[in-house]
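Take a look at the structure set out below.
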Amino acid sequence: MVVAIAALSELSLTRLLLGFAVFQVVWGLHYGLPISVEPMKALAVLVIAGTLTASELAVAGLLAGGVLLLVGATGTLGRIERYVGQPVIRGVQFGVGLMLLETGIRLSLDGLTLALLSMGVAAVVTVAGYRKASALVVLCVGVVFTVTRVGVPAPQLPALTVGLPSPSSISVTALEGTVAQLAMTVGNAAVATSLLLSDYYDADVSVDELSTSMGVMNLVAIPLGAMPMCHGSGGVAGKYAFGARTAGSNLILGAMYAVAAVLAVGIVAAFPLPMLGVVLGLIALELGRAGLDTDNLPLTIAIGALGVATNIGIAFVVGALAYLLFEHLT
């Protein structure tokens with residue numbers, strides 16, 4: 001997702017990756033656990049799909065960060081989350097997956113040969129039993145392909161600058177994106193992550209602690225050119241599955257992100273978009289599969305479809321009201 005954002009917008013991949021590098025280390029040391037630091041997926045997909053501009057992304061990230069800091073610091077997230085039912089969160093996730101799939105298909109059609117080659121690589125990885133790693137493998141193949149064409153880029157470090165989006169970037173679209181992202185963040189980045197940290201590591205990390213750290217992270221990182229970031233249950237589950245048991249995994253990953261950041265600019269500029277389309281399609285399928293793991297499949301699908309037909313923010317509001325009505329009637 002991060003590579004796609006850099007390839008399809010004016011945002012700097014170097015700054016995006018350095019943001020992840022810094023906060024992998026910061027939160028690993030703070031919590032003493034292999035905690036995840038991930039892109040805010042709903043906002044990321046809106047940028048990839050061309051719905052949000054880079055400035056609107058910054059606005060949405062800052063708004064989401066402010067809300068998360070407020071509800072976390074005041075201890076209210078634990079009381080709020082019960083009003084946002086699991087089918088609503090899954091519906092938003094499913095809708096985001098559909099939007100990402102649409103973009104992936106569109107990019108893939110620009111070069112069918114490379115797209116088919118990438119799909120073949122993904123199929124081999126999946127048959128070998130590593131379905132969830134297929135997108136990463138295709139991305140790595142794309143990097144190798146790009147390096148053979150343009151060579152290894154010279155290391156580059158960006159100048160340290162601080163900036164805020166202009167007030168004109170505060171738009172309805174940015175507000176809708178913020179609402180959609182907060183819906184996913186409450187369920188996946190706070191509640192589900194807290195539960196997984198307890199299950200895997202016997203760690204007592206509350207949803208309000210996670211909300212507070214996500215709020216601080218975004219309010220600090222976005223003015224420095226990073227993208228909106230969150231914790232996430234998928235990242236925790238992935239780290240655990242690959243053997244991470246201490247915060248050392250965050251330190252290692254942070255160092256890897258930093259190395260990638262200084263070498264990334266030239267590679268992304270020449271990365272083949274059809275291969276990127278396949279990567280996005282594979283990520284979309286994973287998001288869609290997770291979204292369909294729901295207690296109310298019709299409501300979840302309806303919310304996802306409404307999100308594609310209108311926008312994710314409207315779908316979340318309508319879905320949340322429908323869920324509350326359903327709960328009241330039953």
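The values are calculated or read from the model by the stated rules, or taken from the named source; none is laboratory data. Quick caveat, the model's predicted, so the values are computed rather than measured. Note that each Cβ is placed from the backbone with ideal geometry, even for glycine, and that neighbours are counted across all protein chains shown. The accessibility values were calculated without ligands, DNA or RNA, using every heavy atom of the protein model including side chains. Shrake-Rupley method; radii C 1.70, N 1.55, O 1.52, S 1.80 Å.
Just so you know, the Cα atoms of the chain work out to an Rg and Dmax of 19.0, 63 Å. Taking amide H as placed 1.01 Å from N in the peptide plane, the amide H of Cys230 sits under 5 Å from that of Glu38, Met40, each at least 5 places away or on another chain.
Per 0.36 nm of contour for each residue apart, how much would the distance between Ile80 and Thr246 grow if the chain were fully extended, relative to their Cα-Cα spacing? Each step should come with its number before you reach the end.
Details: separation 166, 0.36 × 166 = 59.76 nm, distance 3.08 nm.
This chain segment gains 56.7 nm when fully extended.
Largest first, the three principal axis extents of the alpha carbons in the range 220-270 are 34, 23, 18 Å in whole numbers. If you average the alpha carbon positions of the range 248-297 and of the range 68-135, how far apart do those two centres end up, in angstrom? If you average the Cα positions of each part, the centres end up 10 Å apart. Available extension along the chain between Ser198 and Thr51 is 49.2 nm, counting 0.36 nm per residue and deducting the alpha carbon span.
Placing a label point 7 Å from the Cα of Val144 along the Cα-to-Cβ direction, the residues of the range 74-116 whose backbone N falls under 20 Å from that point are 113-116.
Largest mean-square fluctuation among Pro165, Pro274, Pro39, in a Gaussian network model of the chain whose springs join Cα atoms under 10 Å apart, belongs to Pro165. Once all protein chains are placed together, Val152 keeps about 120 Å² accessible to a 1.4 angstrom probe. If you take the alpha carbon atoms of the range 60-205 and fit the smallest convex hull around them, that volume is 225 Å³ per residue. In the context of the full protein assembly, Glu10 retains an accessible surface of approximately 140 Å², using a probe radius of 1.4 Å and ignoring ligands and nucleic acids.
Which value in Å is the Kirkwood Rh of the range 254-318 over different Cα pairs?
Numbers: mean 1/r = 0.0676 Å⁻¹.
14.8 Å is the Kirkwood radius here.
Taken as entire DSSP H runs, the helices of the chain that both span 15 Å or more between Cα atoms along their own long axis and average -0.5 or more on the Kyte-Doolittle scale are 13-31, 54-73, 86-108, 112-127, 134-150, 172-184, 207-221, 248-270, 273-291, 297-309, 312-329.
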